[in-house]
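For reference, the structure discussed in these notes is given below.
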Amino acid sequence: MHPPQTAVPLPVPCWRHWQAEGMGKMEFKPFSKKQSLAAGWWSRRETSGYDAIICDGAVRSGKTTAMSLGFVSWAMTTFTRQSFAICGRTVTALRRNVVVPLVEMLGNLGFTCIEKLSKNYIDISMQGRCNRFYLFGGKDESSAALIQGITLGGIFLDEVALMPRSFVEQAIARCSISGSRLWFNCNPDHPYHWFYREWICKAAEKNALYLHFTMEDNLSLTPRIRARYRRLYAGVFYDRFILGKWTASSGLVYPMFRKDTHLFTEPPACSRFVVSCDYGTVNPTSMGLWGESGGVWYRLGEYYYASRQTGISRTDEEHYTALEQLCSGRTIDCVVIDPSAASFMECIRRHGRFRVIPAKNDVLSGIRRVSDALKSGRIRIHTSCKDCIREFSLYQWNEKAGGDVPLKEHDHAMDDLRYFVSTILAKEEKSPFFVASLTRDRGMFHVEHSGEVCETT
């Protein structure tokens, strides 16, 4: 690839003249006015003077589809033989959520996309122009080093609120080419989040166009689908993912838990079984026995031992004996356990009866998954699980923490439940994927906004 250099703009804006060959496989649907603005703000007289765009709001509102297509369109119109970056929390998630649908759309619009999987970049070409788009993941503080040193003509950060500040600021610093622009996309988080305070609250100061999305801005979602998403969330997650608000977490972590809905007395016949475990030495050890029937997982029983209350600590072997008693001769698929409990995991493995799986331990995403499971009825609790039921009524957000942090109290059964949902139930979930896309007629790509129609290829 040639060294980066700014291209001479096409004589006629390519937003109007890129031709698509054939109808392809993808079914295109019209963009809403807000999606159209998110995709084409850089080409419109009233918004072209901005240096950046920020889109936030509800889930499934069509932000990512519009912005990713707009980002590539802008890059290909403005530059050739230049480097750009598309960033997500991880490269794997980025490929799944952004790159795969984007490449399919671009292919249907006549672009040539050549992806180099081993080196995480895509070369995109059209009408004699070619640019390289690097893929980066910004999952932790070490990620900033990955993007250091590169020179970029622009950058698109998908789910920027999930990335550490060090990575985002390093990525922004890479955009030193004349005419470079910044594209930000996220779902809301807590109102103390650095991106909310430094970019959304200061959008005018940063010369950034700010657009807030709702699910109504995605015309591909039917009223039935919108209603289903509204049923899935409660509490702070409803405020953020459905209403699109930057809301502080407060009160109970699981306000949607209801005894009349989520408790049962007569266990069903279950086809398979799993145990979840939060291990403690000084703190309580909590285990839950789960059985699956008809797509619903039932917490059939529990073991909960608090050494501080009894004044007597138990050994790993004593906890293992309790595990065997909890299982009552059942065939157990696996034991999902706190990944920090190395000694107890080794104890279980040494006995050779149970397969051990270290649990996924992202607290906030795990809490969201448990909330979803409660709302959808995927998990139920037997009335004998007294400590789990007790903790549901006591487990609260730490309102003084300045972020989404639950209090480290009454959380041991809550943790083993979260390990189960995040590790086992999450594998069985198949989230529907909806694409808000574009209308195409006679090989042209149509974007409607403000009463006018722009055509591109």
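A few comments on the model shown:
- Among residues of region 331-349 being farther than 18 Å from Ser286 by Cβ and of a type in the set (D, E, K, R), the one that is surrounded by the most Cβ atoms within 10 Å (Cβ to Cβ) is Asp333.
- Selected residue [more than 12 Å from Cys87 (Cβ to Cβ) and touching a Pro at 6+ places or on another chain (Cβ under 7 Å)] from Glu205, Glu198, Glu216, Glu141: Glu141
For every residue, the table says whether it meets (1) charged (D, E, K, R); (2) assigned to a strand (DSSP E or B); (3) over 25 Å from Ile172 (Cβ atoms).
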{"residue": "Ile86", "(1), (2), (3)": "no, yes, no"}
{"residue": "Leu94", "(1), (2), (3)": "no, no, no"}
{"residue": "Met105", "(1), (2), (3)": "no, no, yes"}
{"residue": "Tyr134", "(1), (2), (3)": "no, yes, no"}
{"residue": "Lys139", "(1), (2), (3)": "yes, no, no"}
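- Close pairs from region 408-421: first touching a residue at least 24 places away in the same chain (Cβ under 8 Å), partner in a helix (DSSP H, G or I) and aromatic (Phe, Trp, Tyr), Cβ under 8 Å, at least 6 apart: Met414/Phe392
- Failed condition for Tyr395, given (1) touching a Lys or Arg at 6+ places or on another chain (Cβ under 8 Å); (2) within 18 Å of Ser250 (Cα to Cα): (1)
- Single residue of region 155-171 satisfying the filter (out of contact with any helix residue (DSSP H, G or I) (no Cβ under 7 Å at 6 or more places or on another chain) and buried (at least 18 other Cβ atoms within 10 Å of the Cβ)) that is nearest to Val98 (Cα to Cα): Glu159
- Pairs where the first residue, in region 373-402, is assigned by TED's automatic domain parsing to the domain that holds Tyr305 and in contact (Cβ under 8 Å) with a residue 40 or more places away in the chain and the second is part of a loop (DSSP other than H, G, I, E, B) and of a type in the set (Phe, Trp, Tyr), C-beta under 7 Å, 6+ apart: Leu374/Tyr254; Leu374/Phe257; Lys375/Tyr233; Phe392/Tyr254; Phe392/Phe257; Tyr395/Tyr254; Gly402/Tyr192
- Matching residues, region 276-307, being farther than 17 Å from Ile389 by Cα, under 29 Å from the mean Cα position of the chain (by Cα) and of a type in the set (A, V, I, L, M, F, W, C): Val296
- Note on region 243-267: among residues that are of a type in the set (D, E, K, R) and either in contact with a Pro (Cβ under 9 Å, 6 or more places away or on another chain) or outside any helix (DSSP H, G or I) (or both), the one that is farthest from Gln325 (Cα to Cα) is Lys245.
Table: residues versus (1) hydroxyl-bearing (Ser, Thr, Tyr); (2) touching a helix residue (DSSP H, G or I) at 6+ places or on another chain (Cβ under 8 Å).
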{"position": "Leu263", "(1), (2)": "no, yes"}
{"position": "Pro267", "(1), (2)": "no, no"}
{"position": "Ser271", "(1), (2)": "yes, no"}
{"position": "Val275", "(1), (2)": "no, yes"}
{"position": "Asp278", "(1), (2)": "no, yes"}
{"position": "Leu326", "(1), (2)": "no, no"}
{"position": "Pro339", "(1), (2)": "no, no"}
{"position": "Arg353", "(1), (2)": "no, yes"}
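- Residues located in region 278-322, provided they are under 14 Å from Asp338 (Cβ atoms) and touching a residue at least 60 places away in the same chain (Cβ under 8 Å): Asp278, Tyr279, Gly280, Asn283, Pro284, Thr285, Ser286, Met287, Gly288
- Residue among Leu69, Leu135, Leu109, Leu152 that alone is closer than 20 Å to Asp56 by Cβ, of a type in the set (A, V, I, L, M, F, W, C) and surrounded by 20 or more Cβ atoms within 10 Å (Cβ to Cβ): Leu69
- Filtering Ser250, Ser178, Ser220 for residues that are of a type in the set (Gly, Ala, Ser), over 26 Å from Asp51 (Cα atoms) and either within 17 Å of the chain's Cα centre (by Cα) or exposed (fewer than 15 other Cβ atoms within 10 Å of the Cβ) (or both) leaves a single hit, Ser250.
- Looking at Gly294, Gly377, Gly301, Gly352, just one residue is crowded, with 17+ Cβ neighbours inside 10 Å and either of a type outside the set (D, E, K, R) or at pLDDT 95 or above (or both), and that residue is Gly301.
- Residue pairs meeting the criteria (Cβ under 9 Å; at least 6 apart or on separate chains; first touching a residue at least 24 places away in the same chain (Cβ under 8 Å) and within 30 Å of Arg355 (Cβ to Cβ), in region 245-273; second outside any loop (DSSP other than H, G, I, E, B) and charged (D, E, K, R)): His262/Arg380; Leu263/Arg380; Phe264/Arg380; Cys270/Glu292; Arg272/Glu292; Phe273/Glu292
- Hey, Asp316 farther than 24 Å from Pro255 by Cβ, among the acidic types (Asp, Glu) and in contact with a helix residue (DSSP H, G or I) (Cβ under 6 Å, 6 or more places away or on another chain) or not: yes
- The number of residues in region 355-374 that are among the acidic types (Asp, Glu) and at pLDDT 95 or above comes to 0.
- Any hit, region 268-276, residues being in a loop (DSSP other than H, G, I, E, B), hydrophobic (A, V, I, L, M, F, W, C) and surrounded by 19 or more Cβ atoms within 10 Å (Cβ to Cβ): no
The values are calculated or read from the model by the stated rules, or taken from the named source; none is laboratory data. Computed from a predicted structure; not experimentally measured. When we count neighbours, we look across all protein chains shown, and the Cβ atoms used for this are built from the backbone with ideal geometry, even at glycine.
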